[in-house]
Amino acid sequence: VKPNIFFGTVLNSWKAVWVVLSDDGVEFYKKKTDHSPKGMIPLKGATLISPCQDFGKRTMVFKITTEKKQDHFFQASHVEEREFWVKDIKRAITCIQGGKKFARKSTRRSIRLPETVNLTELYTLMKDQDDGVRELKLEQDNRVFNHCFTGATVVEWLISKGKARNRPEALMLATGLLNEGFLQPAGDMSKGAESAEQTAFLDHTNALYYFADSGFFCEGYSSDEDVLLKEEFRGNIIKQGCLLKQGHRRKNWKVRKFILRDDPAYMHYYDPTKGDDPLGSIHLRGSVVTAVEYVPDAKKYDIDGNLFEIITSDETHYFLQAATAEERKEWIKAVQAVSKGGK
């Protein structure tokens, strides 16, 4: 399973940790480059609670309680990330109970997909901007789902592109994509089709799904039109996640959740332990973003590697650190794109 950065309670204080799900436990590391984990939570006999309300203002928290009744708390950076992890950890626990090894790839056998089917290739075709499945803004149950599509649309696309001969065959392919994590459920109907072993894909116009690495986000209606129309928040979300940010005054480094929007081009940053109000915003139009190898005072805080800098058009400097080199590359590419195209 893809590792990720989370907050975790390590010795009763919240720290950013690198988390990896193995077939029998959850390992957490101080940082991505460490060779040995700081700790491991065994999943045999464990239970998982999500959402976990034990911490008041902290949202996106889930709790793993081990067989020996030890509680471990983790906080994701956004809802979709938490649900992705919760689903896989629950499946791992179920597999262990049944004496099986947890592996996300095992869904291929359980739904009898032919060995000739290349799901990665199929997913790439589905995401093609001109010829793939169109990402839309859809309304349902007083909520707006951005960058998503319906189950029926996926099935019809698979048939129209000759990837399946009929709806049952297309449904089998879509189920494979869903259970391998390429597609994710959005909205109550598609999420309700989940079971411990695998998730059923619904060929329905009210079942909503999104690409796992897209800019999907969901928003509720607000009676306060000023909030909805506030210029900075009107762009599509291009990328979101946690980064370490250097403070402007004290020069200390803190984990912040960042949301990058395209038009107008803004990056808002939040304290993930608090509510939905941003701590600040970076206007990216005309900004310059580059990878850097050295930041003054960074080593003092044990911050090293995967650093990058954003210099805005008014000469404000922001220093940030990604969890991996690949993630740094992705952020730089995304910020460069919106700084050129966004207003």
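We did not get these values from a lab; they are worked out from the coordinates using the rules stated. All values derive from a computational prediction rather than experimental measurement. Note that we place each Cβ from the backbone using ideal geometry, even for glycine, and neighbour counts take in every protein chain shown.
The table that follows gives values for the structure above.
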item	result
Label zone at T290, where the point sits 7 Å out along the Cα-to-Cβ direction: the stretch 318-334 residues whose backbone N lies under 19 Å	318-322, 328-334
Pairs from K15/K254; K127/K239; K137/K161; K137/K333 whose Cα-Cα separation, in the structure shown, is over 21 Å	K137/K161; K137/K333
Cut-off under 5 Å, modelled amide H: who pairs with I238 long-range	L260, R261, D262
11 Å beta-carbon shell around K30, net charge (K/R +1, D/E -1)	+2
Size of electric dipole in the stretch 230-343: Cβ of Lys, Arg +1 and of Asp, Glu -1, about Cα centre, debye, nearest 20	140 debye
Phi-based couplings in Hz for the stretch 207-212 (Karplus 6.51, -1.76, 1.60; Gly and Pro marked x)	8, 9, 9, 8, 6, 4
Modelled FRET efficiency - R0 22 Å, Q53 with K191, Cβ distances, 0.05 increments	0.70
Charge context of F73, other residues only, Cβ under 11 angstrom, K/R +1, D/E -1	0
Length gained when the stretch K329-V20 is fully extended (0.36 nm per residue, less Cα-Cα span)	109.1 nm
